[in-house]
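A.B. asks: Before I ask anything, here is the structure I am working with.
We did not get these values from a lab; they are worked out from the coordinates using the rules stated. Since this is a predicted model, take the numbers as computed values, not measurements. Neighbour counts are summed over all protein chains in view; Cβ atoms, including those assigned to glycine, are modelled from backbone coordinates with ideal geometry.
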Amino acid sequence: MFTIGIDVGGTYTDLVATDETGRTVFAKSPSTPADQSIGVMAGLEELARRIGVTRAAMLAATDRLVHGTTVATNALLERKGARVALLTTEGHRDVVEMREGLKPDRYDLRTPPPEPLVPRERRFGVRERLKADGSASIPLDATALDAAIADVRRSDATSVAVCFLHAYLNPVHELAAVERLANELPGVSVSRSSDVLPQIKEYERVSTTIVNAYVAPTVQRYLANLERSLIEAGFAGSLFVVLSHGGMAPVEEASRLAAGTVLSGPAGGISGSRRCADLLGIPDLVPFDMGGTSTDISLISDGVASLSADGMLAGQRIALRSLDIASIAAGGGSIASVDGGRTLRVGPESAGSVPGPACYGNGGLAATVTDANVVLGYLDARAFMGGARPLDRAASEAAVDRIAAALDLSRIEAAAGIYKMINLKMADGIRLTTLRRGVDPRKFALLSFGGAAGMHAAEVARELEIRRIIVPTVASVLSAWGMLTSDLRYEVSRTHYGTGRISADEVRGLFAALEKQAAGRLRGWFKGDIAIERSAEMRYGEQVFEIDVLLGDVDLNAPDLVADIEERFHRRHEELYTYASRGQEVVFVNARVAAVGKVARRAGDAAAVSSTAPCAPRGRRQAWFGAWREVPVYGLDDLRPGQSLDGPAIIEAETTTVLVDIGDRVTVNGLGWLDITLR
Amino acid sequence: MSVKIDPITRSVVQHRLSSIVREMGEAMLRTSYSQILNSSRDFSLGICDTSGRLIAQADHIPVHVGALPWATLAVEQRFKDVAPGDVILLNDPYQGGSHLPDLTAFVPVFDGDKRLLWTIVRAHQSDIGGATHGAYNPAATEIYQEGIRIPPIKLYEAGKPREDLLDLLALNIRNPREFRGDLAAMLGAAHLGERRVAKLFSEFGTETVEAAIEAILDATEQQTRVVVSTWKDGVFHGEALLDDDGHGRTDIRISAKVTKTGSDIEVDLTGSDPQSTSFVNSSHANMQAAVAMAFAYLIDADIPKNTGALRPLKVVAKQGTIVWADPGRPVTLCTSHPSNEIVEAIIKAMSASCPDRVMGGWGRRFRIAIQGEDPRNSRNFIWHMFQARPGGGASPGGDGYSSIGEWHSVGGLKFGSIEVAEVRFPLHFRQHEFRPDSGGDGQHRGGLGVALDMVLETAKPAKGNTAGDGARHGPCGMLGGRDGAPHHYRLLSEGREPRVLKTKEVGIELRPGDCLEIRSSGGGGWGPPEQRSVEARARDAAQGLVSKAV
C-alpha cells in the first residue's frame, strides 16, 4: 500500500509516495492555480509513471492521501472569496472594522484604511444580548432576526458569519440564528463564532469567523471536486487535509473549519522538519525555508513545533491556533534599493517570478538578492535549474552596478552588502520568533530547505550564533514528504468564566467535557489509539496576553491541582520573560484539548550507501569569500554517507545551492544529508 | 573618531539597533500588568547616547519619543557617576519628564568601563498618586496636586535594587501591586535591550559602532533634507484653539509661525497664549516632542525617527506660555493637550508649503476614569476609557481611519476587548459603533468617531473624572475640508435631566444604572467637499456613515 503526500505550492505541486518497504518516490508537476486539482491529478500521473505503474493502479493501492492546499490562502491573498454578510449583536456591528483602534505603520498618515472583508452595508445587527456570565439580558428577538435575514437575502451574500457578544460562553442565540438561516436561506454557507472559535475577545472571534465564512465555500468546492476526481481515478482510501495547526483532518472537517487551512501548505514543511528532528535525533531545530519572495521561519523545540494564536494573514486576524510560522518578506527576489539618506535597503519589495531578478532576462532591471548571488559567484549562471534555465550574468552585474554607483562602492562591495542585509533581515526574523517563544536560538540547529536557503544559511546561523546546519536531500519536497507523517488532530477550547480563583473541580469539569468532545469527534474518523494533549492559557490578574501552558503530565486528580497548574504558569512566565510574580493572582482563561490520532509509520527512509573515499569535486569556480577564491564545486548527488569536506566550497543540486564558508565543515550523515558544523 | 565607516556596516548597525528596540517592545507588551500598557500599549522604547541624541526608537507612541532626548539630558546632568547595573528612574516634568504618569527607566550600556548608550523605557502608569485616581486632576493648580514627583533617582545601584526607594514610590501610588508589576516589566525590557546593545559593541568594536551611529544620524539628516527641500519656501502661520482650561479661560490659542528655507524649518511658538492655572500647560520636553511629532508626520513615513531626522528642525518658544510652563505649574494633560493643538497649528501652517503631505485633524482626547466597587467580588476598580476612539484625519491618500485615535497616538493605542471589559468591570456596553455624520466632509472624508452607550452596573455609587478637550472645537479640516464633529458626552441618570459632561470634571457622581452616552469626535476632512465623488457619497450613504443626503 502507498501513502501519498501532496503539497501544492505557488509554482510546483510536489508529490511524495512511500510504501511498506520504505521506498520513497518524488515527483514535481506545474501547479494550476485556477483549479489546483488539475495539477494534482497530473502530478499523480507523473508520480505513478516514476513508480512504474498506472495512475489507477497506484491510487487503488493507496490507503492514505495527505494534502496541503493553498486554496484558502490564495482566496484571502487575492481577495477572491465569498460575498459574506455578518449577523451580530445590535449596536456592535463595527468591531471588525475598528481593528481594536490599531493601525500599522505609526508614521504613515497618508495611506487610507484597508477594506474589511465584510463592508458595513453587509453587517447587520440583531436585537439580542448576553451578559458577561452568559445569561441573556435581551432574549433573541425573532422579528429582528427575520428582518436581518431578509437584509442578508437582499445583499446577495453567499456566505454568512454569525457572531454575538459572549457567545463563547453560551451559544444559544447563535444556534437559533443559524437554524433560522438554514431554513430561510438554504443555499447559503454559514459560519458560527461559537463553533469556529469559542473564546473570549470579540475582535478575534468575529474576524476569524468572517475569514471562515469568506474561504469556506471555495475550500468546500475545491475539496469536493478533488475527492470526486480521485474516486473517478480509482482512489478508494482516505483523503486528509493538513490544517494550520499541523495535524490533518478529513475533508468534512477541513470544510467546516476552512479558516483552519490557511497555513495548510507551510504546515507540511513543519511536519517535514519535525520528522527530520526525529530521524536525526536533534530535538531543537529552526526550520528555515527561503524561497523567491518570502522566508518562512518556525521552531521545533524538544521535538515539538510550537503553536500560536497570534496569526494574521493578508491583513486579517485569524486567532485559530496554528503552527507558529513567521513569514518575512525576504527571498531571492527581494529588491535592493538606496534611499535618500544613501542607506542600502533590501526588500520588502520583491521582483517575484515575473519579471523576476535581472538575471532571469524577463525585463527585470532591479538588483535582487539572486543577482547579488550571481555576482558573488555563489550561483552558477549556466547551471541554474540543472542548466534548463541559464541566467544572464551580465544583467545581474549591470543591476548591481546601479546600486554600487549610488553608494559609491565597487560592484563586489555592493553585492556583498546586499547579501549581508538580507541575511540580517532573516536572522532578525528568527530572533523575534525565538524571543516570542522565550528560547535561545544558540542551542538550535538550522534546518535549511527551500530553493534559496542553502546560500544564506551559514551567514544567518553565524549571526544568531547557531553552530550547526542541516541540509536534507529531500529539501526540495520537504513539505510533501512531511505530510506522510502528519497525525490526525482535533482541537477544542473553552473559556472559563469566573471573577475569583478557579477551583480544582472547575478545572476537572472543563477538561473532562473538552476531552469527551474532542475524542468523540476524532473517533468518527479514526480507529487507532487516541492521545490527549491538554493545555491552558493563563495570565497574571492584570495582564491581557495569556500564555499557553502545557499540562501534559498534570495529575487531574491531585488534591493540589490548581497550585500545580499555577506553578507551571509561573515557571513558563519566567522562561519567557525572565521573571515570575508568585505572589500575584493567576487567571485561568482558556482550557484547550487536542485529541491526536497517531498514524502508523511506514518504514524509515532507506539509507544511502556509505563511502570512505574522499569527495571528488565536479569542478572549481571563483566565488567571493571576503576575497575572490577559487573553490571546489561538489554535486550533492555525488556525496556519500561518511564523507566529509571543508569550506570554502560550493555544493550544488538541481534546485538548490549550498555555500560552505571558510572553516566550516560538512559531514554527510547516514541519510546522505549535509550536516554542517560552523567554525 | 578616526574609523571610516562603509555604508554596509552603517546599514547593519542601524538594522540591529532598530531590531533591539522592537524586541524591547515585544517584551514590554507581553509582561506589563496594567490595562493601559498591555492592552492599550501606552509605552515607548528608545536608545539614546550620553549626549541625549536619540539613536533608535520603536514605533509606539509618537509623543513619547521626541521627549526622550530631554529626559536623557536631565539624567546626564544629575548623575556623573553612573555604574554598570545602575537603573535610573524619573517622571518630573521639570527635570526631563513630560507629565507625571509617564515613568521613564534608563539602563546604561557599557563597553568595559566606558559608558556609551542608554536603553530607555517610558510607560504611562495607571496611577501616580496625587489628588485623583488615574493621574488626571482637572482641579490641580500646582503640580503637587498631580502626583508624586520623581527627579532622576537611582533605583538600582550597581545591580542592587534600592528597596527603600521602591517602597517609598509604591506607598504613594494607589495600586502598588500593579505599579510593581509594570515597573518589573519596564526594567525587564530595558535590561533586555542593554544585553543586546552590549553584544553589538563586542561584536563590531566600540569605535566602529560609534562611527556607525554618527553615520546613521548623518544619513537620516540627509534623507530628511532631501524631502524638506522639495517644499515651498516661505513664512507660514497656523493656529489651533484649546476649548478651555476648566478654570474659566476659553479658546486658548496655540500659534505656530513656520519659516521654511531650503532644507531648514523653524517652528516658532512664541505667539501662543500665556500659561494656564490648570493642567492644560505643556512642559518643555513635551512641547519639543509635539513639534517633532508634527514634523515626523510630514516627512516620509520610512525615514528613521532619530535625532538626525530632527536636525533640520529648529524650535523657538517662550517660557511662561501655554506650550512651556513655569516650574511648578500643573501639566498632566499635556501629552494630549496642548500637544494635539501644537501639531494641528503646525500642520495647518504647512498646508501652504506642502499641500500634498498635510492631513485633516485627528481626534482629540476626552478621557473618563471611573472608580468604584465591583459588586461581584466587592473589590475596588479603576477603569480608564480607551473605547470610543475618535476618527482620524483625511489625507491626500484618501478618507481617514474611523475609531483610531488622536494626533499623539495615531492608531498606536489599542482599546481592549469589550467582552473582557465586561468580565473585569461592572460595566455594560450597550452600543459601540461608528458615529454617523461625525467625519469632516471633504474631497476625502475624515474618519468617524464612535457612539458608545455604557451602563454602570455597580451596587453602590461610583465616582468619575474627565480630562481632555475637543468638546467645542472639532479636529480641523484641511485645504477646504470641513472640521470633524466635536466630542459630545452626556450622563443619563434616571430621574434627572441628561447632563452634558465637561471635558475637565472631578468627582462626578455616578449612580448604579447610569448610562454614559459618549459620542467621540470624527476626523477632519481634506480638500473641498464639492470635489467628493458621487460614488464616494453614495457609498457613505449606503454604509450609514452619513445619515442625510448631501
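A.B. asks: Please say if the stretch A:189-323 is rounded, prolate or oblate, where rounded means a/c under 1.5 for a ≥ b ≥ c the square roots of the C-alpha gyration tensor eigenvalues, and otherwise the choice is prolate for a/b larger than b/c and oblate otherwise?
C.D. replies: oblate
A.B. asks: Also, I was wondering about something else. How much mean residue ellipticity at 222 nm does chain B get from its helices, if each DSSP H run of length 4 or more adds -39500 (n - 2.57) and you divide by all residues, to the nearest 500 deg cm²/dmol?
C.D. replies: So the calculated ellipticity at 222 nm is -8500 deg cm²/dmol.
A.B. asks: List the residue ranges in chain A for DSSP H helices whose C-alpha atoms run 20 angstrom or more along the long axis and whose Kyte-Doolittle average is 0.5 or above.
C.D. replies: A:393-407
A.B. asks: What are the extents of the Cα atoms of the protein assembly as shown along their three principal axes, listed from largest to smallest and rounded to whole Å?
C.D. replies: 92, 78, 66
A.B. asks: Still on this structure, I have one more. Scale the Cα Rg of the stretch A:102-244 by the rule-of-thumb value 2.2 N^0.38 Å and send over the ratio, two decimals.
C.D. replies: Relative to the rule-of-thumb radius for its length, the stretch A:102-244 sits at 1.27.
A.B. asks: Please list, or write none, the lysines whose alpha carbon is within less than 18 Å of the alpha carbon of A:Lys80, excluding same-chain residues fewer than 8 places away.
C.D. replies: Correct list for A:Lys80: empty, as no lysines qualify.
A.B. asks: Translational diffusion coefficient of chain B at 25 °C, 0.890 mPa s, Stokes-Einstein with Kirkwood Rh over Cα pairs, in µm²/s as a whole number.
C.D. replies: Translational diffusion coefficient: 103 µm²/s.
A.B. asks: How would you classify the stretch A:330-452 from its alpha-carbon gyration tensor, with a ≥ b ≥ c the square roots of the eigenvalues: rounded for a/c under 1.5, else prolate if a/b is greater than b/c, otherwise oblate?
C.D. replies: Judged from the Cα gyration tensor, the stretch A:330-452 comes out oblate (a/c at least 1.5, b/c at or above a/b).
A.B. asks: While we're looking at this one, here's another question. List the aspartates and glutamates whose Cα lies under 14 Å from the Cα of B:Lys502, skipping any in the same chain that are fewer than 8 positions away.
C.D. replies: Those aspartates and glutamates meeting the cut-off are B:Asp243, B:Asp244, B:Asp245, B:Asp469, B:Glu517.
A.B. asks: Quick one: which residues, 5+ away or cross-chain, put their amide H under 5 Å from the amide H of A:Leu263? H built at 1.01 Å from N.
C.D. replies: A:Ser244
A.B. asks: With +1 on each Lys and Arg Cβ and -1 on each Asp and Glu Cβ, and nothing else charged, work out how big the dipole of chain B is about its Cα centre, in Debye to the nearest 20.
C.D. replies: It comes to approximately 400 debye.
A.B. asks: Here's something else I'd like to know. Ignoring everything except DSSP H segments at least 4 long, calculate the 222 nm mean residue ellipticity for chain A; use -39,500 (n - 2.57) per segment, divide by total residues, nearest 500.
C.D. replies: That comes out to -10500 deg cm²/dmol.
A.B. asks: What is the diffusion coefficient of the stretch A:29-162 in µm²/s, taking the Kirkwood radius over Cα pairs and the Stokes-Einstein relation at 4 °C with a viscosity of 1.567 mPa s?
C.D. replies: 66 µm²/s
A.B. asks: Here's a follow-up. Per the Debye formula with a single identical scatterer at each Cα and no solvent contribution, what log10 I(q)/I(0) holds for the stretch A:488-597 at q = 0.13, 0.16, 0.21, 0.22 Å⁻¹?
C.D. replies: Debye curve over Cα of the stretch A:488-597, log10 I(q)/I(0) at q = 0.13, 0.16, 0.21, 0.22 Å⁻¹: -0.49, -0.72, -1.11, -1.18.
A.B. asks: Percent relative contact order of chain B, based on C-alpha pairs within less than 8 angstrom and at least six residues apart?
C.D. replies: The normalised contact order for chain B reaches 13 percent.
A.B. asks: Report, in cubic angstrom per residue, the convex hull volume of the C-alpha atoms of the stretch B:74-184.
C.D. replies: Output value, Cα hull per residue: 92 Å³.
A.B. asks: Quick one: which of B:Lys257/B:Lys314; A:Lys425/B:Lys114; A:Lys527/A:Lys598; B:Lys260/B:Lys305; A:Lys201/B:Lys460 span more than 18 angstrom between C-alpha atoms?
C.D. replies: Checking Cα-Cα distances, A:Lys425/B:Lys114; B:Lys260/B:Lys305; A:Lys201/B:Lys460 exceed 18 Å.
A.B. asks: What number, in nm² with one decimal, is the all-direction average of the projected area of the convex hull of the alpha-carbon atoms of chain A?
C.D. replies: 31.4 nm²
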